[in-house]
1. For Asp405, which of the numbered conditions (1) closer than 21 Å to Gly83 by Cα; (2) surrounded by 15 or more Cβ atoms within 10 Å (Cβ to Cβ) fails to hold?
2. Look through Leu327, Leu397 and report the one residue that is part of a helix (DSSP H, G or I), open to solvent by less than 30 Å² (accessible area, probe 1.4 Å) and at pLDDT 95 or above.
3. Taking the condition of being under 30 Å from Arg5 (Cα atoms), open to solvent by 40 Å² or more (accessible area, probe 1.4 Å) and in contact with a helix residue (DSSP H, G or I) (Cβ under 7 Å, 6 or more places away or on another chain), how many residues in the stretch 117-138 meet it?
4. For the subset of the stretch 380-394 comprising residues that are assigned to a helix (DSSP H, G or I) and surrounded by 15 or more Cβ atoms within 10 Å (Cβ to Cβ), which member is nearest to the chain's Cα centre (by Cα)?
5. Can you tell me which of (1) assigned to a helix (DSSP H, G or I); (2) under 30 Å from Leu127 (Cα atoms) is the one Arg35 doesn't meet?
6. Which residues, taken from the stretch 263-273, are open to solvent by 20 Å² or more (accessible area, probe 1.4 Å) and touching a residue at least 24 places away in the same chain (Cβ under 8 Å)?
7. For Ala81, indicate whether it is assigned to a helix (DSSP H, G or I), open to solvent by less than 40 Å² (accessible area, probe 1.4 Å) and touching a residue at least 24 places away in the same chain (Cβ under 8 Å).
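The values are calculated or read from the model by the stated rules, or taken from the named source; none is laboratory data. The structure displayed is predicted, hence computed values, not measured ones. Cβ placement follows ideal geometry from the backbone for every residue including glycine, while neighbour counts extend to all protein chains displayed. Heads up: the accessible areas ignore ligands, DNA and RNA and are worked out on the full protein's heavy atoms, side chains in. Shrake-Rupley method; radii C 1.70, N 1.55, O 1.52, S 1.80 Å.
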Amino acid sequence: MTQLRRSLGLLDAIMVNVGVMVGSAVFLTASDVARALPHPLLQLGTWVLAAIFSLAGALTIAELGAAYPQAGGLCVYLREAFGPFWGFFYGWALLVVIQTASIAAVAVAFASYCGHFLALPPGGKELLAVASIVVLTAVNVRGVREGIWTQNVVTFAKLAVICGLVVLAFAGSAGSPANFAGPSSPFVLAGVGSALIGPLFAFDGWITTSYIGGEIQRPERNLPMAAMASIAIVAVLYLALNGAYLFVLGSDRVAGSELVAADTARALLGPRGADLAAAMVLVATLGGINGNILGGARVLYAMAEGGVFPRAAGRVHPRFGTPAVALIVQGVISAAFVFTGRFEQLLTSVLFASWLFYALGGLAVFVLRRRAGIERPYRVWGYPWVPAAFVVFAALLLFSTVLADPRDSALGAGLLITGVPAYWILGRE
């Protein structure tokens, strides 16, 4: 039987994570942070704090990835720690909404920004979004190297465009260091929690490399290194970009801006700035679509290998060496979400589930540490404090998300509960 091949190096693993993390969120969330925390330096500190929490999570999960270097990520780790249902439950959550709705949402964002350069007819946005899903799914079916090559090219282009905006901001005359001076109003601690939500979601994606653990060379070394390097790169990028926003616009204008990246580019380049901002989002979303397609299908593949999903999804194409059926199933559901027009509400309603599974992943480290006979080529630094802090933080964020939006959280819980009958049916395949 054809197996997935270990053909991806450290750079490939880093670029997958970076490409998924640097999506549209960093271009949209700066205003939310500025409204919650009026001091510019505190706003930048929020991004640092989000990076630290994300790094704690990435290093915690990397211990599991090094111990179980297989495709599927948390699907495999939760199965090994808590039993087959929990591995299935995570994969089901990704299939019914988290991963597929994310792909749809980013694809629609990509098509929307294409509308800046092209005149789209009625319905053209949806068709273009589906076309991007179809094309990138086909690329990833054709071969893992083709998918990774696409990811690397798009991610490097994305980094180049963002770095260009940062250099223009600090080298030009539109900004001022005085914009980093804070207001005289007192600091409100309660603002930190709400300010952290956007940055944490902007860093979300650090787990993607674990999905392709079965195709990474020397996973015991490369998975932890990819986690550290990708978050370090993205943290520097986010700090520089948000620093550029503040340097050019100042905190008040950032807080009042709905499209802060576009307003910053417009202040630097005039009307041409809108073209630069649209180009940034285009390349960012293209990388996000491709990275999510590449990683998510490996979870379906792992579910099938574990016997809790139709066996066809666990087959590797004999010529291309990719989980072709899993990729196609994921692509069909993602495309369907585009046409429903409901993916954004569904994504919001179940997004809290990501943090439920992240917390369970942290607990899995403690459970599996108590088992003998497991080879651990990498052990998370600072055990037990680092994984414990991550679990507590993930639980608090989950709890606060439910309190902040109980209706959508209840809808998300309802979607997840469908995993119970689905497991009863599919687990007997």
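1. (1)
2. Step by step, each of Leu327, Leu397 is checked, and only Leu327 is part of a helix (DSSP H, G or I), open to solvent by less than 30 Å² (accessible area, probe 1.4 Å) and at pLDDT 95 or above.
3. Residues flagged as under 30 Å from Arg5 (Cα atoms), open to solvent by 40 Å² or more (accessible area, probe 1.4 Å) and in contact with a helix residue (DSSP H, G or I) (Cβ under 7 Å, 6 or more places away or on another chain) within the stretch 117-138 amount to 1.
4. Ala394
5. (2)
6. Ala267, Leu268, Leu269
7. Against the criterion (assigned to a helix (DSSP H, G or I), open to solvent by less than 40 Å² (accessible area, probe 1.4 Å) and touching a residue at least 24 places away in the same chain (Cβ under 8 Å)), Ala81 qualifies.
Here's the yes/no breakdown for (1) closer than 30 Å to Arg35 by Cβ; (2) free of Cβ contacts under 8 Å to residues at least 12 places away in the same chain; (3) surrounded by fewer than 24 Cβ atoms within 10 Å (Cβ to Cβ):
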| site | (1), (2), (3) |
| --- | --- |
| Gly198 | yes, no, yes |
| Phe203 | yes, no, no |
| Ile216 | no, no, no |
| Ala226 | no, no, no |
| Ile233 | yes, no, yes |
| Ala240 | yes, no, yes |
| Gly243 | yes, no, yes |
| Gly250 | yes, no, yes |
